[in-house]
1. Give, as a single signed number, the net charge of other residues whose beta carbon lies under 11 Å from the beta carbon of Gln417, with Lys and Arg counted +1 and Asp and Glu -1.
2. Give, rounded to the nearest 20 debye, the magnitude of the charge dipole that the stretch 237-298 has about its Cα centre when Lys and Arg contribute +1 at Cβ and Asp and Glu contribute -1 at Cβ.
3. Treating the angle as unsigned and between 0 and 90°, give the value, to the nearest 10°, between the Cα long axis of helix 346-358 and the longest Cα principal axis of the chain.
4. Order Glu287, Glu366, most accessible first, counting only protein heavy atoms with a 1.4 angstrom probe.
5. Compute, for the chain, the length of the dipole vector about the Cα centre, with Cβ point charges of +1 (Lys, Arg) and -1 (Asp, Glu) only. Units Debye, rounded to 20.
6. At 1.4 Å probe size, with every protein chain present, just tell me what the per residue accessible area of the stretch 251-428 comes to in Å².
7. Roughly what % of Cα-Cα distances in the stretch 5-109 sit above 20 Å, to the whole percent?
8. Which value at 222 nm does the chain reach when only helices count, each DSSP H run of 4 or more adding -39,500 (n - 2.57), with the total divided by all residues and rounded to the nearest 500 deg cm²/dmol?
Amino acid sequence: APRPKRVTCPQEMETRPKYYGREFHGIIPREYADQLLAGVEGAYLIRESQRQPGTHTLALRFGDQTLNYRLFYDGKHFVGEKRFESVHDLVTDALITLYIETKAAEYIAKMTTNPIYEHLGYTSLIKDKMVHRLSRARSEPRRVTFQREERVSSMISSPLLRRSALKDTPEKQCSYEKIHNFKVHTFRGPHWCEYCANFMWGLIAQGVRCSDCGLNVHKQCSKLVPSDCQPDLRRIKKVFSCDLTTLVKAHNTMRPMVVDMCIREIELRGMKSEGLYRVSGFSEHVEDVRLSFDRDGEKVDISASAYADINIIAGALKLYLRDLPIPVITFDLYSTFIQAAKIPNADCRLEAIHEGLLQLPPAHYETLRYLMAHLRRVTMFEKYNLMSAENLGIVFGPTLMQPPEQNALTTLNDMRQQKLVVQLMIEHEDVLF
């Protein structure tokens, strides 16, 4: 690729911004800039726009023509997505990209047609792990099976009555799917794409890297990579506030360890505790549990010897669910459940909630199923803990369901529906899940 050659202005420009050097020529016509750059591949200068004073243009010579780009600065220089410490670096990267995309346009267009992804690299490394992974299936929707004998079929007419004779379809064991969490990355030294096996060109931001598993690919290849991210524990920095699917795949569990461990401890010694989940534990102690999970993971001690007050453990569980970046009932399905709760007919309302549950990501579904089964057991001790399904719906509604737009008015208006959705899931847990 051509080397960048700065064309300097012979006189000092008073209007020159402090972040540009002698390559700044002030307000000059496009035609004059073309003359200054003519005949020198890689030559460049910066000019102020005649039509829009205060805006700046990078004029760059490549392929026997002058290319003009709107130039921006926000602490770093950029004309597109990539940001650079200096204009020289920006031009160097631009010339490399222009050269490769010009000389190898046909090859680039075809380079993803025969990917090596299924045969080499990342996929082969995780294949053995995937075989041993135990997770809830979602290859087929987990729709309930209506099993009725012919002689009673005429008697069972409504959806709700039919559910009394239901049995869940058998669970299959396979992997949760997870999309890769790609972010633009600058590679030091030569790197090759792990999808198409081709060179990743450019001075900086040559491609993208999955922040959860470390897969390195071209940006255009990232759109073709399957949803088979296998998070690396070394890349998962914390437990709380970590994406739910990412956490369970990284730890090779069906549900987040926080959910399993806290529920196990609560059912061991807290089911008769008055106001369970309604009464708050000391916030300092709840925060201490959070930090312990982030630091020690599944080795954390949340026994009575460490935290005598069971409300601390209950508070930690609620905090974990509340702090998920994507709630258990996802943003995408929030309105589905809210609208379901507004259906006046009880049977149709349950049907609508059931349909919404089938659309949840597998890890979210399994976590919600396990939590609702636990909360239903909590209601069996209502005589002692005074926590009915309605009370638990009030507590867990805003925790499990959050509107996509963090609007206080929306949350306030939807509180009744949030409560009702959770209440119905607890009361009909055996039917809905």
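1. It works out to a net charge of +3.
2. Around 180 debye, computed over the stretch 237-298.
3. 40
4. Most to least solvent-accessible, the answer reads Glu287, Glu366.
5. Using Cβ point charges on Lys, Arg, Asp and Glu, the chain gives about 320 debye.
6. I get 43 Å² per residue for the stretch 251-428.
7. More than 20 Å apart: 38 percent of the Cα pairs in the stretch 5-109.
8. -12000 deg cm²/dmol
The values are calculated or read from the model by the stated rules, or taken from the named source; none is laboratory data. Only a predicted model underlies this, so the values are computations on that prediction, with no experimental measurement involved. Glycine also receives a Cβ, built like all others from the backbone with ideal geometry; neighbour counts cover every protein chain displayed. Side chains included, ligands, DNA and RNA excluded: accessible areas come from the protein's heavy atoms. Shrake-Rupley method; radii C 1.70, N 1.55, O 1.52, S 1.80 Å.
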